[in-house]
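Just below is one structure, and these are the notes that go with it.
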Amino acid sequence: MTVSPTAAPNDTLTPAPEGPFGLDRLLQDVADVLCAEPEEIDPDENLLDQGLDSIRLMSLVSRWRAEGAQIAFVDLAERPTLREWAELLAPAA
């Protein structure tokens, strides 16, 4: 299980969603399109502020849909952090 580096308000660590589109995978994919290292990207910061633009976002959506993700561009654009994306792309429990 992957655990977030930040503590939740109750001082417990929140597990990151897992599955084929888990936080580690999303972090690597975003780093690839931004030509950055994964450790340079903050999973809780707005990705638009980190250099992600609509063209790169659309390329990620296309790649992930080709691999079976049920996601729309607008879903990701409205919640532009990696942690939110991992939650949106997590398999239904």
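With a 1.4 Å probe and all protein chains kept in place, how much accessible area does Glu39 have, in Å² rounded to the nearest 10?
Only protein atoms counted, so the area is about 150 Å².
What's the local net charge at Arg56, with K and R +1, D and E -1, over the other residues with C-beta under 13 Å away?
Values: positive: Arg63; negative: Asp29, Asp32, Asp53.
Neighbourhood net charge equals -2.
The values are calculated or read from the model by the stated rules, or taken from the named source; none is laboratory data. Model, not experiment: these values are computed from the prediction. With ideal geometry, Cβ positions are generated from the backbone for all residues, glycine too; neighbour counts draw on all protein chains shown. For accessibility, only protein heavy atoms count, side chains too; no ligands or nucleic acids. Shrake-Rupley method; radii C 1.70, N 1.55, O 1.52, S 1.80 Å.
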